[in-house]
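Structure record follows, encoded as structure tokens.
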Amino acid sequence: MRRFERFELSRPLVMGIVNATPDSFSDGGDFYDTAAAIAHGHRLREEGADILDVGGESTRPGADPVPEPEETRRVVPVIEALAKAGAVVSIDTWHAGTMRAALDAGAAIVNDVTALTGDPASLPLVASRGVAAVLMHMQGEPRTMQANPVYEHAPRDIAKYLAGRIAACRAAGIADRLLCVDPGIGFGKTVAHNAEILAEVGALRELGVAVLIGASRKAFIGALSKGERPKERLPGSIAAALAAVSGGADILRVHDVAATRQALAVWQAVERFRNPS
């Protein structure tokens, strides 16, 4: 059985998003207050989230960096409260200092949009702590990544990059069961690139570690439809999620946990009849 962290990957896992930020693209400011972020995390867990992903810095296109001390201040009390309640918490950051504080507060997973390259202390830290890591692909950096993203073949190029990051993690002593890859939907990709990645999730599955897809509420959904605003993109988010798990994704990073869980329940019931064991 394939594994990621403490989870057996016998079914798709749901990672619920907890943005303790004033400026995230979808819910910026909704949960900036510490108490609101904690309450939101508890609610997502009740709705069926397997993992709660806490972030204190927006990485939306055009976002400005947040100083590490401020990011740490935003996330640590949220992580402490959720981990104390028994939640499996991931910290969404590329700063090693924030990673360290989050792990000390009870986080079990590091979710890094730079695949542990943005801070030279991050990979040694993750290896020394023996914790799990999500390695995401991003072309460029948030302020400029959507300017003109170019690939020869997006799924293949991304898989090649992530294979290199897996190799670096293995060399540092991190076991495969602690690694997960994320192609970075919307992070330096056009609408066509995002659709192509979702159509070829199997290219990532072949890397031998868990695969995460985070397409929830992203701009390409509105671009493919009628330009809906982020909170109006639930149907498209569900469609992307089901496309991802049909292609082999193990984890879905989402804003709308209850709706995603309901969609997965139907999908799983159909799959049991389609592929009886």
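Where a number appears in this text, it was derived from the coordinates with a stated rule and is not lab data. Computed from a predicted structure; not experimentally measured. Heads up, the Cβs are rebuilt from the backbone with ideal geometry, glycines too, and the neighbour counts pull from every protein chain shown.
If I model a spin label as a point 7 Å beyond the Cα along the Cα-Cβ vector, how far apart are those points for Asp33 and Asp64 in nm?
That separation, rounded to one decimal, is 2.5 nm.
Identify all lysines with a Cα-Cα distance to Lys189 below 30 Å; exclude those on the same chain that are fewer than 8 residues away in sequence.
Lys160, Lys218, Lys226, Lys231
Classify the chain from the C-alpha gyration tensor, please: rounded if a/c falls under 1.5, else prolate or oblate depending on whether a/b exceeds b/c. The partial results should precede the final answer.
Values: a/c = 1.17, a/b = 1.14, b/c = 1.03.
Judged from the Cα gyration tensor, the chain comes out rounded (a/c under 1.5).
Can you give the relative contact order of the chain as a percent, counting alpha carbon pairs under 8 Å and 6+ residues apart? If you can, show how the numbers build up before the last one.
Working: 538 pairs, mean separation 52.5, N = 277.
It comes to 19 percent, rounded to a whole number.
Tabulate in residue order the Karplus-calculated ³J(HN,Hα) for the range 216-223, using 6.51 cos²θ - 1.76 cosθ + 1.60 with θ = phi - 60°, rounded to whole Hz; enter x for Gly and Pro.
Coupling constants for the range 216-223: 4, 6, 6, 4, 4, 5, x, 5 Hz.
Taking the alpha-carbon centroid of each part, what is the distance from the range 92-116 to the range 177-219 in angstrom?
Spelled out, the Cα-based centre of one part sits 20 Å from the other.
What number, rounded to the nearest 500 deg cm²/dmol, is the helix-based mean residue ellipticity at 222 nm of the chain, given -39500 (n - 2.57) per DSSP H run of at least four residues and division by all its residues? Walk me through the numbers on the way to the answer.
On the way: 10 runs with 117 residues, N = 277.
So the calculated ellipticity at 222 nm is -13000 deg cm²/dmol.
Zone of Ala223 (label point 7 Å along Cα→Cβ, backbone N under 19 Å): which residues in the range 155-194?
What the label zone holds, given the 19 Å backbone N cut-off, is 155-159, 183-194.
If amide hydrogens are placed 1.01 Å from N in the peptide plane, which non-local residues have theirs closer than 5 Å to the one on Ile185?
Gly214
Using the Karplus equation 6.51 cos²θ - 1.76 cosθ + 1.60 (θ = phi - 60°), what ³J(HN,Hα) coupling, rounded to whole Hz, does each residue of the range 88-98 give in order, writing x for Gly and Pro?
With coefficients 6.51, -1.76 and 1.60, one gets 7, 10, 10, 9, 8, 7, 10, 8, 5, x, 5 Hz.
What residues qualify as long-range amide H neighbours of Ala132, i.e. H under 5 Å apart, gap of 5 or more or another chain, H built at 1.01 Å from N?
Val110
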